[in-house]
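First the structure, in the form of structure tokens, and then the observations on it.
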Amino acid sequence: MGMPAPPRSSPQEASRHIRRWLFEIVSLLAATGALVVCAADLAPDLSLSWARYPLASIGFVWLSVVLAVFCSHRTWIYVPAQVAVACLFLFALDQFSSGTGWFLPLALPVTLLSGTILTLTLTVVRRAGLSAVATIAVTMVAAGVFVAGLELLLNRHLDDRWIVSWSLVAFLCMLPLI
């Protein structure tokens, strides 16, 4: 008489179990890292000073991984949520930094630019059903548009000018490959 076989779980149930396990592991690692960082910063004088930066980073990585675990198959939720998490992280860093704020004039536009280009690229690739080579070409065009937009935003922030130079050269060098 043999042992009865364990009941088989459905693929959805197995996937849910794996996602929950990943969430628990990542949460445990994040909490452990946060506790170590806090303890190291609190030890000398019972105050938090430099720990804000690694704590914000740990929070960013934790949120990013949790989004990937639970939402990566839903692009329409994942991409905007990931952009929001990146904005939240950069906003926190801006608040911790002394001097003039750089979140609104630079970090927010760059993050929104990257999220917009990523969304448009994913939409084109998925809707058109492109081959691998065509997907690479579309991605390279998107990268060229991104570097041009990045240079525009950087020049506007640093020199108060709306010009492109190096990004145009980089984009033109990619055209023969595309």
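Structure summary
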{"read-out": "Exposure of Phe60 as accessible area (Å², to 10), given a probe of 1.4 Å and all protein chains", "value": "60 Å²"}
{"read-out": "15 Å beta-carbon shell around His157, net charge (K/R +1, D/E -1)", "value": "-2"}
{"read-out": "Charge dipole magnitude, Cβ of K and R +1, D and E -1 - the chain, Cα centre, debye nearest 20", "value": "760 debye"}
{"read-out": "Excluding exposed DSSP-loop trypsin sites (Lys or Arg not before Pro) (at most 12 other C-beta within 10 Å), longest clean stretch of the chain", "value": "75-160"}
{"read-out": "Computed over region 106-178, Kirkwood Rh from alpha-carbon pairs, angstrom", "value": "13.0 Å"}
{"read-out": "Two-decimal Rg/Rh across the chain, once Rg and the Kirkwood Rh are taken from alpha-carbon atoms", "value": "1.10"}
{"read-out": "Carbon/sulfur fraction of accessible area - the chain, other protein chains in place, 1.4 Å, %", "value": "73 percent"}
{"read-out": "Accessible area (Å², per residue) of region 17-173, counting only protein heavy atoms and a probe of 1.4 Å", "value": "62 Å²"}
{"read-out": "Dimensionless Rg ratio for region 85-125, taking C-alpha atoms and the 2.2 N^0.38 Å reference", "value": "1.39"}
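The values are calculated or read from the model by the stated rules, or taken from the named source; none is laboratory data. This is a predicted model, so every value here is computed, not measured. Every residue, glycine as well, gets a Cβ built from its backbone with ideal geometry; the counts of neighbours run over all protein chains shown. Note: accessible area is taken over every heavy atom of the protein model, side chains too, but ligands, DNA and RNA are not part of it. Shrake-Rupley method; radii C 1.70, N 1.55, O 1.52, S 1.80 Å.
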